[in-house]
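Rule-based calculations on the coordinates, nothing more; no lab input. Given the structure is predicted, the values throughout are model-derived calculations rather than measurements. A quick note on method: Cβ atoms are made from the backbone with ideal geometry, for glycine too, and the neighbour counts reach across all protein chains shown.
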Amino acid sequence: MKVSEAIGKRRSVRAFGQGPISRETLTELVAAARLAPSAANLQPLEYVVVSQPERCQQVFDCLKWAAYTHPVGTPGPGQRPTAYLIVLARPEYKAPVGWAYDVGAALMAAILLAMEKGLASCWLKSINLPRLAKIINLPEGLEIDSVLALGTAAEEPGLVDLPPGQSGREAIRYWRDQDGRQQVPKRALADLLHWEVCVER
């Protein structure tokens, strides 16, 4: 799969097939994240990979899914992720650069490689942090940033291209259509691309 194809097909998935993901594949995803750009090359990120079914259920119970379509957007029994990458960061690197850029770059690398390998994902920030910290035995000196849920896709969310000039919080809310398929609106390219100077629209 070409990178451009993976970017075009990537959607957050909230219904997963139940096939296992190999340790080799999960290691490759973390290796891809490791090679992403890092502000000042500080490399503050570490990862906990969870793939055992009982532990996956424990992680799932710490997460909140799809705020716009809750509770429909929460994976039901038999549709839950079969693995997770839990992103950790060292708090001493929060300032002055911060690690948010690192996380975005690292997880996009992992997400695109997952796409190439036939896997789907959902990146989550709504987490019961104290509970998850206990589950993974989080040591002092590390903080949980986010969680990447992984599995094969059991749904295919659609993309809705918004017409030029349509934006705002209501316009960008994703929804479930009459068939239960998630639809994800994206702002028009014409509304966010400026050439040479910024043009007021």
Pop out the ³J(HN,Hα) list for segment 178-183 in order, Karplus 6.51 cos²θ - 1.76 cosθ + 1.60 with θ = phi - 60°, rounded to Hz; leave Gly and Pro as x.
-> 5, 8, x, 8, 6, 10
ALA100 and GLU170 label points (each 7 Å along its Cα→Cβ direction) are spaced in nm at 2.7
Using alpha-carbon positions, the gyration tensor of segment 1-159 gives root eigenvalues a ≥ b ≥ c; with a/c under 1.5 called rounded, otherwise prolate if a/b exceeds b/c, else oblate, the class is oblate
Treat each spin label as a single point 7 Å out from the Cα along the C-beta direction, and report the ASP191 to SER126 distance in nm.
-> 2.2
Just need the relative contact order of segment 3-151 here, percent rounded to a whole number, with Cα pairs under 8 Å and 6+ apart.
-> 38
Using the Karplus curve 6.51 cos²θ - 1.76 cosθ + 1.60 with θ = phi - 60°, work out ³J(HN,Hα) for each residue of segment 94-107 in order, rounded to whole Hz, and write x for Gly and Pro.
-> 5, 10, x, 7, x, 10, 4, 5, 4, 5, x, 5, 5, 6
Estimated vicinal HN-Hα couplings, Hz - segment 73-86 in sequence order (Karplus 6.51, -1.76, 1.60; Gly, Pro = x) | x, 7, x, x, x, x, 10, 8, x, 9, 7, 9, 9, 9
Which residue fluctuates the most in the chain, going by a Gaussian network model with Cα springs under 10 Å, if the choices are LYS64, LYS94, LYS125?
-> LYS94
Farthest positive-ward along segment 61-175 dipole, Cα basis, beta-carbon charges - from ASN137, LEU162, TRP175 | ASN137
Under a plain spin-label model, where a point goes 7 Å from the Cα along Cα-to-Cβ, how far apart in nm are GLU140 and GLN58?
-> 2.2
Given H placed 1.01 Å from N in the peptide plane, which residues other than close sequence neighbours of ALA83 have an amide H under 5 Å from its amide H?
-> LEU150
Just subtract the alpha-carbon distance of VAL160 and ALA67 from 0.36 nm times their residue separation and send over the number in nm, one decimal.
-> 31.6 nm
Net dipole in debye of the chain [+1 Lys, Arg Cβ; -1 Asp, Glu Cβ; about Cα centre; nearest 20] | 320
GNM flexibility winner over the chain from PRO71, PRO96, PRO139 (Cα, springs under 10 Å) = PRO96
FRET efficiency for VAL49 and ASP177, using Cβ-Cβ distance with R0 set to 35 Å, rounded to 0.05 = 0.55
The chain: most fluctuating residue of ALA105, ALA33, ALA188 per GNM, C-alpha cutoff 10 Å | ALA188
Sequence-distant residues sharing a close amide H with GLY158 (under 5 Å, placed H) | GLN182, GLN183, VAL184
Show the residues, 5+ positions off or on another chain, whose built amide H is closer than 5 Å to the amide H of GLU46.
-> LEU88, ALA89
Count the lysine pairs in segment 3-151 that are 8 or more places apart or on different chains: how many have C-alpha atoms under 18 angstrom apart?
-> 5
